[in-house]
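Worksheet: the structure to be examined is printed underneath.
Every read-out reported here was derived from the displayed coordinates using simple, explicitly stated rules and does not represent laboratory data. Model, not experiment: these values are computed from the prediction. FYI the Cβ positions are ideal-geometry reconstructions off the backbone, even for glycines, and counts take in every protein chain you see.
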Amino acid sequence: MAFKAKIPNAEQRKLVQSMAAVGIPHDLIARVIGVSGKTLRKHCREELDLAEAKANAEVAGFLFNSAKSGNVAAQIFWLKTRGGWKEPVQVQHSGAVGIYDLSKIPTHELRTVIAILSAAGTAQGGTGAA
């Protein structure tokens, strides 16, 4: 004898949409309304697919209205996330990034590096003296 799947009613579909909107996993939603995951996906596909988008649209509407009403935090958030605004980035650097022990470099290699740097300084208008 074949088992007949239980089809979710309108009230259960509304519950499915509410639960899916806040991120409840589909297998838990199915258990709550008393159907299998397969039945849930078959009969509540639209609720599952659109719940998150509808919830995000509703929250975005609240945020937008709050920003329009003068909520500065909401205005800043909106402009940074939706308006493409960003904080200016200032990078300042002073001093060495790290320390390197030059005593570990052979003398002949140091002389080569000094010659290269001296030549580069001369080419850029420096004195060329090391």
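Please build a GNM for the chain, connecting alpha carbons under 10 Å apart, and tell me which residue among LEU48, LEU110, LEU79 fluctuates the most.
So, out of LEU48, LEU110, LEU79, the one fluctuating most is LEU110.
Mean Kyte-Doolittle hydropathy of -0.5 or higher plus an axial Cα length of 30 Å or more: which whole DSSP H helices in the chain meet both?
45-68
How much length would be gained if the chain were fully extended between VAL59 and VAL72, taking 0.36 nm per residue of separation minus their Cα-Cα distance, in nm to one decimal?
3.0 nm
Per-residue ellipticity at 222 nm for the chain, helices alone: DSSP H runs ≥ 4 residues times -39500 (n - 2.57), over residue total, nearest 500 deg cm²/dmol?
-19000 deg cm²/dmol
With a/c under 1.5 counting as rounded, go ahead and sort the chain into rounded, prolate or oblate using the C-alpha gyration tensor (a ≥ b ≥ c being the square roots of the eigenvalues; past the cut-off, prolate if a/b is larger than b/c, else oblate).
Values: a/c = 5.85, a/b = 2.54, b/c = 2.30.
It is prolate, given that a/c is not under 1.5 and a/b is the larger ratio.
Given all pairs of different Cα atoms, what value in angstroms does the Kirkwood hydrodynamic radius of segment 10-81 take?
Here the Kirkwood hydrodynamic radius works out to 13.6 Å.
Hey, which lysines would be in cross-link range of LYS14, C-alpha to C-alpha under 28 Å, not counting anything within fewer than 8 residues on its own chain?
Output for LYS14: LYS4, LYS6, LYS38, LYS42, LYS54.
Report the gain in length on full extension from VAL91 to LYS104: 0.36 nm times residue separation, minus Cα-Cα distance, nm rounded to one decimal.
So the extension gain works out to 1.5 nm.
Considering only the other residues whose Cβ falls under 12 Å of the Cβ of ALA53, what net charge follows from Lys and Arg at +1 and Asp and Glu at -1? Walk me through the numbers on the way to the answer.
On the way: positive: LYS54; negative: GLU46, GLU47, ASP49, GLU52, GLU58.
Local net charge: -4.
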